[in-house]
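Below is one structure; the comments refer to it alone.
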């Protein structure tokens, strides 16, 4: 039985990956800063099938101890400051956790067991002011936030540790990916949640920024499956994980409210104060390498994903 260690297991991606590993017959070790709070975020069925261990992203000695104790064949890192509205908050903390801490994990693997395969959740925010669209693994990175810069540092170190030390280290360049487990600070979940509240008579208006802003949005469950596939390959590499399609915030509103029999135009108001600067080049991913080399294709479509999120919030609020 393989052991897979998942950091940030309480988050959206970590929980989906843990569920996937369980179905694959893995022994799953969930690593988190505060084990006592995990039960508030994970389902009871998953809680009964994973082992939990404290994981300090700033303590490399403790990391080595955990790796030696559990001897994982694979490590997946989802522990990070979130993107969304927090990409500029606490630049020093973001640099520590999203950047330097990832290198601490690489060093811990070097010391504990160089056979461990490691996959890092990188981000399309590394492209920032992209020079071309769509973006592939060969596109030049130009981050425009502390979040993107810290992710790029970690991503760059993966290449160095592969070349210098021969570690099996993969960087998954994840474009926007959503689910019912997404935090309310993200526009997709905000729309789904507020649409459900309006349907139930708990709210009467939703204020958003630019409704015509577009993103490449996919389903989180599909994206963690791509990361698992990366660690099953004969050679390590970096892969863009994306749908290759863009949709607007307006489309999310139309689908979310329409799923509830409502017209979003009756409830959604654009708020100029919430506008974010538009990209000069559209961020959309070219995942051809992942599709060809990993055999990966997204299985959940955009409309299905948004409807799934609305249904989940409706159940929670009802």
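The values are calculated or read from the model by the stated rules, or taken from the named source; none is laboratory data. All figures in this text were calculated on a predicted structure; none of them were measured in a lab. Cβ: placed from backbone, ideal geometry, glycine included. Neighbour counts: every protein chain shown.
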Right, residue 201: without any contact (Cβ under 8 Å) to a residue 40 or more places away in the chain and either farther than 30 Å from residue 95 by Cβ or assigned to a helix (DSSP H, G or I) (or both) or not? yes
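Taking the conditions exactly as written (in contact with a strand residue (DSSP E or B) (Cβ under 7 Å, 6 or more places away or on another chain), in contact (Cβ under 8 Å) with a residue 40 or more places away in the chain and in the same structural domain as residue 76 (by TED's automatic domain parsing)), does residue 166 satisfy them or not?
Details: in contact with a strand residue (DSSP E or B) (Cβ under 7 Å, 6 or more places away or on another chain): no; in contact (Cβ under 8 Å) with a residue 40 or more places away in the chain: yes; in the same structural domain as residue 76 (by TED's automatic domain parsing): yes.
In short, no.
Of everything in the range 212-244, what is closer than 14 Å to residue 291 by Cβ, touching a strand residue (DSSP E or B) at 6+ places or on another chain (Cβ under 7 Å) and assigned to a helix (DSSP H, G or I)? Give them in sequence order. Lay out the reasoning, then the answer.
In the first step, residues of the range 212-244 are kept if they are closer than 14 Å to residue 291 by Cβ; the result is 218, 222-223, 225-226, 229-230, 233, 237, 239-244.
Filter again for touching a strand residue (DSSP E or B) at 6+ places or on another chain (Cβ under 7 Å), leaving 218, 223, 226, 230, 237, 239-244.
Across the range 212-244, the qualifying residues are 223, 226, 230.
Rundown of residues vs (1) at pLDDT below 95; (2) in contact with a strand residue (DSSP E or B) (Cβ under 6 Å, 6 or more places away or on another chain), yes/no style:
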| site | (1), (2) |
| --- | --- |
| 59 | yes, no |
| 65 | no, no |
| 70 | no, yes |
| 74 | no, yes |
| 85 | yes, no |
| 88 | yes, no |
| 103 | no, no |
| 110 | no, no |
Testing residue 161 on (1) closer than 19 Å to residue 112 by Cβ; (2) not in a helix (DSSP H, G or I), one condition comes back false. Which one is that? (2)
Of the criteria (1) more than 15 Å from the chain's Cα centre (by Cα); (2) within 25 Å of residue 10 (Cβ to Cβ); (3) surrounded by fewer than 22 Cβ atoms within 10 Å (Cβ to Cβ), which one residue 169 fails: (3)
Under 6 Å by Cβ, and 6 or more places apart or on different chains, what pairs join a residue from the range 16-44 that is more than 17 Å from residue 181 (Cβ to Cβ) and assigned by TED's automatic domain parsing to the domain that holds residue 71 with one that is modelled with pLDDT under 95 and assigned to a loop (DSSP other than H, G, I, E, B)? 27/1; 31/55
Just the residues that are assigned to a helix (DSSP H, G or I), in contact with a strand residue (DSSP E or B) (Cβ under 8 Å, 6 or more places away or on another chain) and over 12 Å from residue 75 (Cβ atoms), please, taken from the range 15-42. 18, 22, 35, 38
